[in-house]
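K.L.:
One structure, as structure tokens, below. Some questions next.
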Protein chains: 4
Amino acid sequence: MDGEVKKKQPGEKKERRRLEIITGALKLFARKGFYATTIPDIARSIGMSVGNLYNYFSSKELLAQAIIRHISAQLGAKIRVVNESDLSSREKIEKIVTIYFETAQKEPEMIDFFLRIYLSNREVFREGCEGMICVNEFVTEIMIFFDDGVARGELRNQDFFSAFGLFMGYLGGMVFLAGEAILPKPLEAYVDEISTNIYRALKAE
Amino acid sequence: MDGEVKKKQPGEKKERRRLEIITGALKLFARKGFYATTIPDIARSIGMSVGNLYNYFSSKELLAQAIIRHISAQLGAKIRVVNESDLSSREKIEKIVTIYFETAQKEPEMIDFFLRIYLSNREVFREGCEGMICVNEFVTEIMIFFDDGVARGELRNQDFFSAFGLFMGYLGGMVFLAGEAILPKPLEAYVDEISTNIYRALKAE
Amino acid sequence: MDGEVKKKQPGEKKERRRLEIITGALKLFARKGFYATTIPDIARSIGMSVGNLYNYFSSKELLAQAIIRHISAQLGAKIRVVNESDLSSREKIEKIVTIYFETAQKEPEMIDFFLRIYLSNREVFREGCEGMICVNEFVTEIMIFFDDGVARGELRNQDFFSAFGLFMGYLGGMVFLAGEAILPKPLEAYVDEISTNIYRALKAE
Amino acid sequence: MDGEVKKKQPGEKKERRRLEIITGALKLFARKGFYATTIPDIARSIGMSVGNLYNYFSSKELLAQAIIRHISAQLGAKIRVVNESDLSSREKIEKIVTIYFETAQKEPEMIDFFLRIYLSNREVFREGCEGMICVNEFVTEIMIFFDDGVARGELRNQDFFSAFGLFMGYLGGMVFLAGEAILPKPLEAYVDEISTNIYRALKAE
DNA sequence: GATGAATGAGCTTTCATTCAT
DNA sequence: AATGAATGAAAGCTCATTCAT
């Protein structure tokens, strides 16, 4: 009478489909922008009908919001690993920069969506992603990294947002420049320089 | 110095009208985004007919490109003044940060357009603004600032783009956070902290 | 009286479900109109799946037609009681008016469906409810009332439809005005006046 | 300096186009219903592009509201002529019934729109036609007819809406029956009988 | 130069209906 | 009998752009 009843858990296969949509839409949005990507585009790219797509996400905006939550969770999880290690702040910075750039290299759509869709089309996220709630998991990990560093005496105690803006603005800026094919060297080649810059900016004393 | 023939310089009044369009469109684009702003919107906002507007800019994209060039020129000019002064690099950084934040405060549409329209809707600038040519004047001034600092031995010699990404990514990130009303303090209150962070990251030794 | 085999009577439980659908759909149609009511709406409102609903009614139109037949039967039955009484025509008119208004008050969806769905969306009833066959039971009772009155010498002998149009058009018009909250008095307050008007119009001499 | 300036009166030709749309849309709405008539249908029927139609009416609902106002004005004007004559109430009733039926015969779309679109799809008129304001001109004339009759002692003084419901419900009902091809005789053949019924119902004493 | 009516492709979204389970 | 995911045609509406005046 309590043997796990599998049936009727509202998802399972539906959850898989949902993820397919998110992944497919993410790619298109990142490549072409929010407005230049149409719902038929997305549906076609994953072999689903327009109507059915709407059974999963009842508007284009809601889909975009699900995507940013997805990205935030993915990136957050990767950084959590770093936070849970016992590296020094200097080493953690390098790890995080590496993670960010690797992601930008291997799954460019994730970072691109973040930079070009989420940060720029605020009207799309106004209702449903107030403040930073849709990006909460990611921000939280950066906050933990920073607080830990301060607690250990490795980083200067300053307004979190000042440090956050430096860290994320810098990385975002570099990925943008890379995307525009302006950088003379490949992104990875900058890891050391950038980590050093960030560390110098944030370190104690 | 006054013999110049006024009439028939290919523009003059036309040039004035052109600037009106740029200024009006800039405001609307920055406020509502590229796609949500319509040509009739723009025409109406400056009391001009759609048809006539097309006599000045033959497409919405070309108008947007003219705007970003305009912004780049404005910001570039402000930074040139700093570069031409004989302040130390540390002081110049503070000046530039102040200029950027003041602009964000007083003419938010300029920075907003840069962050939300130019950086994000790349498809709009793909043809006509390859690389950073439309933003050239601004980038050049930052480059001059950096090279001077290095030449004077005040800044570490490193890849320019690494320094540029730090500087502009950081400032852009902070303005974004301010725009989202996430910052606990007003933007100006961060000038010192941020300038310090940037200087520490870039300084020699 | 109890030997009847319960199982396998081609309906029984099926008949009960059918009625549930009719009642539920009636409410929604009357409230929101034919086109604004969706099949999923209806299914949800009675806790049935869309697929299964189609086992009972193979199209939205057929469902609407079943509903109007249902209403006609209900109203017809109520009027039959009046016809079978031995009241005078004057009294019968008053009874019928009262029944109509009471129904409009207590089960507004019945009258509303009649006025707003059946009378207006003729395209829905074009095939399947030609003429007045779907509303036959109701019309028949009005006809009986009229013929009786004429036979008894209480009502003037005239074209039935002229009398029918007066009777039903009048009542429908009043319910409409009531629904629009235009009437200064509650509907019941008009029973006497209206019955008098109808009687004067139809009475012999 | 005061010779009538024709230019720039906001309409003229535009007004003509507007009327074309109203007339064309009226026909389609009356024939197929509000929801079954599409904007492309309407545009095609008058040889205009969809986009341009929206320059005249910014929504389907607003178009429908313009139509009912148009109809009300037309019918109101016809009845006004009767009101301004010095016929007896009995004769006026006959005139009005004749006008109504003639209109139903010659321009059936006007009466049909009134009965099937305006009266039934209230949601369409909820915002913009509150109460009876869109149908004001017509109702006013009926009110004048009634008040005059009472003032002259020809009609019984009773609640106006009771009389209005009788008059208009009756006529509407008859046109409906005619439209359903249920009447054994042509509509005009009923004028006398109906006028008599109405007169008997309303007359003094 | 200036006007704004006109075009029409294209967008997001809806929904009756089907069908594999 | 029952489910609800899937389909896809079609709807209302928008807007960059053109062009006759």
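K.L.:
Just to be sure, is B:Val150 in a helix (DSSP H, G or I) and farther than 26 Å from A:Ile93 by Cα?
P.N.:
no
K.L.:
Can you tell me which residue is nearest to DNA strand E (Cβ to nearest atom) among those in segment A:56-95 that are within 14 Å of another protein chain (Cβ to nearest Cβ) and over 13 Å from A:Ala25 (Cα atoms)?
P.N.:
A:Ser58
K.L.:
So, one more: Among the residues of segment C:33-47 satisfying the criterion of being touching an Asp or Glu at 6+ places or on another chain (Cβ under 8 Å) and surrounded by 15 or more Cβ atoms within 10 Å (Cβ to Cβ), which is farthest from C:Leu115 (Cα to Cα)?
P.N.:
In this case the residue turns out to be C:Ile46.
K.L.:
Moving on. Just to be sure I understand the filter: pairs with C-beta atoms under 6 Å, separated by 6 or more residues or on different chains, first member in segment A:38-51 and within 14 Å of A:Arg17 (Cα to Cα), second member near DNA strand E (Cβ under 6 Å from one of its atoms) and not charged (D, E, K, R). Which pairs pass?
P.N.:
A:Ala43/A:Val50; A:Val50/A:Ile39; A:Val50/A:Pro40
K.L.:
Going through segment A:89-107 one residue at a time, which ones are open to solvent by 40 Å² or more (accessible area, probe 1.4 Å) and touching a helix residue (DSSP H, G or I) at 6+ places or on another chain (Cβ under 7 Å)?
P.N.:
A:Arg90, A:Glu94, A:Lys95, A:Thr98, A:Gln105 - these are the residues of segment A:89-107 that are open to solvent by 40 Å² or more (accessible area, probe 1.4 Å) and touching a helix residue (DSSP H, G or I) at 6+ places or on another chain (Cβ under 7 Å).
K.L.:
If you scan segment C:110-125, which residues turn out to be at pLDDT 90 or above and of a type in the set (D, E, K, R)?
P.N.:
The answer is C:Asp112, C:Arg116.
K.L.:
Could you grab me the full set of residues in segment C:162-205 that are in contact (Cβ under 8 Å) with a residue 24 or more places away in the chain, closer than 29 Å to D:Asp192 by Cα, in a helix (DSSP H, G or I) and open to solvent by 10 Å² or more (accessible area, probe 1.4 Å)?
P.N.:
Listed by number, the residues that qualify are C:Phe164, C:Met168, C:Val175, C:Phe176, C:Val191, C:Asp192, C:Tyr199.
K.L.:
Something else: Are any of the residues in segment B:136-148 on the phi > 0 side of the Ramachandran plot, more than 9 Å from chain A (Cβ to nearest Cβ), out of contact with any Asp or Glu (no Cβ under 6 Å at 6 or more places or on another chain) and not hydroxyl-bearing (Ser, Thr, Tyr)?
P.N.:
Among the residues of segment B:136-148, not one is on the phi > 0 side of the Ramachandran plot, more than 9 Å from chain A (Cβ to nearest Cβ), out of contact with any Asp or Glu (no Cβ under 6 Å at 6 or more places or on another chain) and not hydroxyl-bearing (Ser, Thr, Tyr), which makes the answer no.
K.L.:
Suppose the filter is in contact with a Lys or Arg (Cβ under 7 Å, 6 or more places away or on another chain), within 30 Å of C:Gly131 (Cβ to Cβ) and open to solvent by 20 Å² or more (accessible area, probe 1.4 Å); does D:Glu123 pass it?
P.N.:
For D:Glu123, the condition - in contact with a Lys or Arg (Cβ under 7 Å, 6 or more places away or on another chain), within 30 Å of C:Gly131 (Cβ to Cβ) and open to solvent by 20 Å² or more (accessible area, probe 1.4 Å) - is not met.
K.L.:
Quick check on segment A:180-193: of everything there that is closer than 27 Å to B:Cys129 by Cα and facing chain B (nearest Cβ under 8 Å), which residue is farthest from the chain's Cα centre (by Cα)?
P.N.:
Ranking the candidates gives A:Pro184 first.
K.L.:
Here is a further query. So, of the residues in segment C:60-101 that are in contact (Cβ under 8 Å) with a residue 40 or more places away in the chain and among the acidic types (Asp, Glu), which turns out to be farthest from C:Leu155 (Cα to Cα)?
P.N.:
That would be C:Glu61.
K.L.:
Mind listing whichever residues of segment A:67-97 are under 12 Å from the mean Cα position of the chain (by Cα) and small (Gly, Ala, Ser)?
P.N.:
A:Ser72, A:Ala73, A:Gly76, A:Ala77
K.L.:
Residues of segment C:11-31 being β-branched (Val, Ile, Thr) and open to solvent by less than 20 Å² (accessible area, probe 1.4 Å), which ones?
P.N.:
Listed by number, the residues that qualify are C:Ile21, C:Ile22.
K.L.:
Mind telling me which of the residues D:Phe114, D:Phe125 ends up being under 13 Å from the mean Cα position of the chain (by Cα) and more than 16 Å from DNA strand E (Cβ to nearest atom)?
P.N.:
D:Phe114
K.L.:
I'd like to verify a number: residues in segment B:92-106 that are more than 10 Å from B:Lys78 (Cβ to Cβ) and acidic (Asp, Glu), how many?
P.N.:
1
K.L.:
Regarding B:Ile68, is this residue farther than 20 Å from A:Leu183 by Cβ and buried (at least 16 other Cβ atoms within 10 Å of the Cβ)?
P.N.:
Criteria met by B:Ile68.
K.L.:
Would you be able to say whether some residue in segment A:126-148 is over 24 Å from B:Ala178 (Cα atoms), away from DNA strand F (no atom under 16 Å from the Cβ) and either of a type in the set (Val, Ile, Thr) or modelled with pLDDT of 95 or more (or both)?
P.N.:
yes
K.L.:
Of the conditions (1) modelled with pLDDT of 95 or more; (2) away from DNA strand E (no atom under 12 Å from the Cβ); (3) not basic (Lys, Arg), D:Leu53 fails just one. Which one is it?
P.N.:
Failed condition: (2).
K.L.:
Return the residues of segment A:152-161 that are surrounded by fewer than 17 Cβ atoms within 10 Å (Cβ to Cβ) and under 22 Å from the mean Cα position of the chain (by Cα); say none if nothing qualifies.
P.N.:
Matches in segment A:152-161: A:Phe160 only.
K.L.:
Filter segment D:14-41 for residues that are within 13 Å of DNA strand E (Cβ to nearest atom) and among the aliphatic types (A, V, I, L, M); which is nearest to the other protein chains (Cβ to nearest Cβ)?
P.N.:
Looking at residues that are within 13 Å of DNA strand E (Cβ to nearest atom) and among the aliphatic types (A, V, I, L, M), I get D:Ala36.
K.L.:
Then there's this: Return yes or no: is B:Tyr100 over 23 Å from the mean Cα position of the chain (by Cα), of a type outside the set (S, T, N, Q) and at pLDDT 95 or above?
P.N.:
no
The values are calculated or read from the model by the stated rules, or taken from the named source; none is laboratory data. All of these numbers come straight from a predicted model, not from anything done at the bench. Note: ideal-geometry Cβ built from the backbone for every residue, glycine included; neighbour counts use all protein chains shown. Ligands, DNA and RNA are stripped out before the accessible areas are found, and what is left, the full protein with its side chains, is counted by its heavy atoms. Shrake-Rupley method; radii C 1.70, N 1.55, O 1.52, S 1.80 Å.
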